[in-house]
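Everything on this sheet refers to the single structure shown next.
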Amino acid sequence: MVTIKAPRGVRDILPEESWKWSYVLKKTSRMADLFAYREIHLPVFENTELFSRGIGENTDVVDKEMYTFKDRADRSLTLRPEATASIVRAYNEDRMDNGQQPAKLWTSGPMFRYERPQKGRYRQFWQLDFEALGSNSPYVDVEIIKLAIDLFTDLGLSNLDVIINSVGCPQCRPDYTRKLKDYFRPRLDSLCKTCQDRFERNPLRILDCKNENCKKITENAPDIYESLCKDCRDHFDEVTQGLERLHISFHLDKRLVRGLDYYTKTAFEVLSGELGSQNAVCGGGRYDNLSDAVGGAPLPAVGFAAGLERIVLVMEQQNCSFGNEPGIEVYVISADNEARQEVLSLVSDLRARGISCDMDFLERSIKAQFKSADNKGAGYACIIGHDEIASGNVTVKDLDTGKQDSLKKEELFAFLTEGLKDGKRDR
Ligand code: AMP
């Protein structure tokens, strides 16, 4: 029989890597507390319409990348490709408008997109997602960008590039779209097939095409800044001034677009050269019209999502610290078979005192047990055999110095508590 493997584009996060994820998630949670964002847990599947209306029919995500299926009652459901639409749905459904505004929320979890897998791009990937709903103040945009930067800095990331743009609003964008189309019309034949299609459906998206030729053509395309209405321009100026005030270096990138009516004003990304072609560590911006699009009341909002796999990739490449890999403090060894009940009981007593420990479950030799102690990073080994049972003592060995002692149980607990106080397992 053929052994069943995981589907293409998904992977197991093994313990050798998952402790690094935990480290990043712990730092994220700490940063969320610092910025007063509260955690929310959301379903991993939603009604398909939430995404088709909330992200937009004309996006690659909705058009080509969703995992959509029918449930047994013939409802169309979709594994979430992102968290923003769900957060807006939850805000409306759970009447968060009755609470403090803006509602500052964060979540993290797996997202699903049918994309071509490659380094830093998977079909199931983990996002850290921060959203502030209920305020149109440009200072919330500044705060959310600052949060992203502070998180990445706290994780030790360096050489990041912050790019920012404004995508206008439904008042001023039509004028810009007209100018763009006037610019691209005589150059249409030179654009790639996808961009030729975008010309009618969504001309703004031509600006972020990765095709080298299209990139060259877009270089001299009209700048959206010239077309922004007063409100959008003031907002953008306030955001950039706020970033300068907080000493966040950034540069303007007119190619950064979202190209749907729900996305408004600020758009930003944080890039890392370490990631190759999938270089975005995080992306975000304002989406003042998304709530209307999914049937809610108007709701100004801004947020970002960062890819956990990509953060860890950059951290590894930049030799950032992940803290200490978890290990045990003590390994309890059975010197002979009669000692196993005694070992079980000592392990239990040690754990009850908050000392992390483990024992052998394969009836292996003492030598093999010492090896396990070492592999698991234990600072001490406790040994119980025939002699110890007879004397009521436990032999304890410092695995760094090799020094050995024979102690009564109560003495042992005191000895270990003292010895582990200065973080011996953090070797
Ligand atoms: P987006 O929702 O497309 O703006 O993506 C936000 C962030 O999620 C990106 O900047 C990436 O860090 C991460 N991301 C998006 N798609 C993937 C994917 N297929 N695999 C891994 N990370 C991803």
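The values are calculated or read from the model by the stated rules, or taken from the named source; none is laboratory data. Here the structure is a predicted model, which means the values were calculated and not measured. As a convention, Cβ positions derive from the backbone with ideal geometry for all residues, glycine included, and neighbour counts pool all protein chains shown. With ligands, DNA and RNA removed, areas are computed over all heavy atoms of the protein, side chains included. Shrake-Rupley method; radii C 1.70, N 1.55, O 1.52, S 1.80 Å.
Spatial offset of segment 5-59 relative to segment 333-407 amounts to 40 Å, using the alpha carbon center of each.
Here the simple spin-label model places points 7 Å from the Cα toward Cβ, and for Arg364 and Arg72 these points are separated by 4.5 nm. At q = 0.14 Å⁻¹ the log10 of I(q)/I(0) for segment 330-416 amounts to -0.40, computed by Debye summation with a single uniform scatterer per C-alpha, solvent ignored.
Extension gain for the segment Arg11 to Asp94, taken as residue separation times 0.36 nm less the Cα-Cα distance, is 26.5 nm to one decimal. Accessible area per residue for the chain, computed on protein heavy atoms with a 1.4 Å probe, is 50 Å².
Here the contact order of segment 105-201, divided by its residue count and restricted to Cα pairs under 8 Å and six or more residues apart, works out to 15 percent.
Solvent-accessible surface of protein heavy atoms, probed at 1.4 angstrom with all chains present, puts Arg185, Arg310 in the order Arg185, Arg310, largest first. Just name one of Ser135, Thr3, Leu243: the one whose Cα is farthest towards the positive end of the charge dipole of the chain (beta-carbon charges, Lys/Arg +1, Asp/Glu -1). Of the listed residues, the answer is Thr3. Could you tell me what percent of the accessible area of the chain is made up of carbon and sulfur, with a 1.4 Å probe and every protein chain present? Summing carbon and sulfur atoms, their accessible area is 48 percent of the total for the chain.
Please go through the residue pairs Lys70/Lys193; Lys64/Lys119; Lys376/Lys409; Lys146/Lys181; Lys119/Lys181 and name each one whose alpha carbons sit more than 27 Å apart in this structure. From the list (Lys70/Lys193; Lys64/Lys119; Lys376/Lys409; Lys146/Lys181; Lys119/Lys181), the Cα-Cα distance tops 27 Å for Lys70/Lys193; Lys146/Lys181; Lys119/Lys181. Per residue, the average separation of C-alpha pairs within less than 8 Å and at least 6 apart gives the chain a relative contact order of 15 percent. Rolled with a 1.4 Å probe across the full set of protein chains, the surface gives Lys408 an accessible area near 100 Å². Here the Karplus curve 6.51 cos²θ - 1.76 cosθ + 1.60, taken at θ = phi - 60°, turns the phi angles of segment 116-123 into couplings of 6, x, 7, 4, x, 9, 10, 8 Hz, with x standing for Gly and Pro. Packing here is the average count of other Cβ atoms within 10 Å per residue, and on that basis the peptides 229-237, 193-201, highest first, run 229-237, 193-201.
Close amide H partners of Cys172, meaning residues 5 or more places away or on another chain with modelled amide H under 5 Å apart, are Cys229. For segment 199-205, putting each phi into the Karplus relation 6.51 cos²θ - 1.76 cosθ + 1.60 with θ = phi - 60° gives couplings of 3, 7, 6, 6, x, 4, 5 Hz, in residue order, rounded to whole numbers and with x for Gly and Pro. Accessible area ranking (1.4 Å probe, heavy atoms, ligands and nucleic acids excluded), largest first, for Val167, Val10: Val10, Val167.
When only Cα pairs under 8 Å and 6 or more residues apart are kept, what is the percent relative contact order across segment 330-416? 30 percent. Heavy-atom accessible area, probed at 1.4 angstrom with all protein chains present, ranks His251, His386 as His386, His251, highest first.
Ligands, DNA and RNA excluded, the heavy atoms of Leu191 present near 10 Å² of accessible surface to a 1.4 Å solvent probe. Label separation (Asp405 vs Asn47): 6.7 nm, computed from points 7 Å beyond Cα along the C-beta direction.
For Lys70, the solvent-accessible surface with a 1.4 Å probe is about 120 Å², rounded to the nearest 10.
Within the chain, all pairs of alpha-carbon atoms sorted by distance into 10 Å bins from zero give the percentages 4, 18, 23, 20, 13, 10, 8, 3, 1, 0.
Sequentially through segment 146-158, phi angles give Karplus couplings (6.51, -1.76, 1.60; θ = phi - 60°) of 4, 4, 4, 5, 4, 5, 5, 5, 4, 7, x, 6, 9 Hz, Gly and Pro residues having no value and appearing as x. Close amide-amide hydrogen proximity is noted between Met111 and Phe125, Trp126, Gln127, each under 5 Å apart and 5 or more residues distant or on a separate chain (H modeled in the peptide plane; Pro and chain starts excluded).
Mind grabbing the base-10 log of I(q)/I(0) for segment 23-72 at q = 0.25 Å⁻¹? Debye formula, identical points on the C-alpha positions, no solvent, two decimal places. Per q value, in the given order, log10 I(q)/I(0) is -0.87.
Close amide-amide hydrogen proximity is noted between Asp360 and Ser334, each under 5 Å apart and 5 or more residues distant or on a separate chain (H modeled in the peptide plane; Pro and chain starts excluded).
Helical content alone sets the calculated 222 nm signal of the chain at -11000 deg cm²/dmol, taking -39,500 (n - 2.57) per DSSP H segment of four or more residues and averaging over every residue.
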